[in-house]
Amino acid sequence: MNQIHQKGLAPKYLNKQVNKNSKTGHTGVCWREKEHKYYAYIMVDRKQISLGLHAKLDDAIAARKAAEEQYFLTVTVTICHQMTMRNYMQTTRKRQL
């Protein structure tokens, strides 16, 4: 998990609860009154990445979910794989001794 923090992808974003003031009911999706559209975004490395304006709420939610998979799932799987390989190597060394 520490490596996720080093990459700027804090694990709190993976299971983040929806803010109680959210009008859309989804993290990373809000209503833009000026454009009369839904705005989807995601935070990576402490920077907000725009996922675009969407006429339909469902499209904005889909954009957010796709970005979560792209930015968070890939990193999490890679880190878990690295941790598994590290554990395997440590176990193998102990057996050789």
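The values are calculated or read from the model by the stated rules, or taken from the named source; none is laboratory data. All values derive from a computational prediction rather than experimental measurement. Reconstructed Cβ throughout: ideal geometry from the backbone, glycine too, with neighbour counts over all protein chains shown.
Details
- Pair list, Cβ under 7 Å, 6 or more apart: the range 30-43 residue closer than 15 Å to residue 18 by Cβ, other residue polar (S, T, N, Q) and in a strand (DSSP E or B): 41/48; 41/50
- Top-ranked residue of the range 42-57 - restricted to ones that are modelled with pLDDT under 95 and under 15 Å from residue 26 (Cα atoms), ranked as surrounded by the fewest Cβ atoms within 10 Å (Cβ to Cβ): 43
- Qualifying residue in the range 10-28 (condition: at pLDDT 85 or above, in contact with a strand residue (DSSP E or B) (Cβ under 6 Å, 6 or more places away or on another chain), closer than 18 Å to residue 69 by Cβ and not in a loop (DSSP other than H, G, I, E, B)): no
- Looking across the range 29-41, just one residue is surrounded by 13 or more Cβ atoms within 10 Å (Cβ to Cβ) and either modelled with pLDDT under 60 or among the basic types (Lys, Arg) (or both), and that is 37.
- Within the range 68-87, not a single residue is outside any loop (DSSP other than H, G, I, E, B), modelled with pLDDT of 65 or more, buried (at least 17 other Cβ atoms within 10 Å of the Cβ) and in contact with a His (Cβ under 8 Å, 6 or more places away or on another chain).
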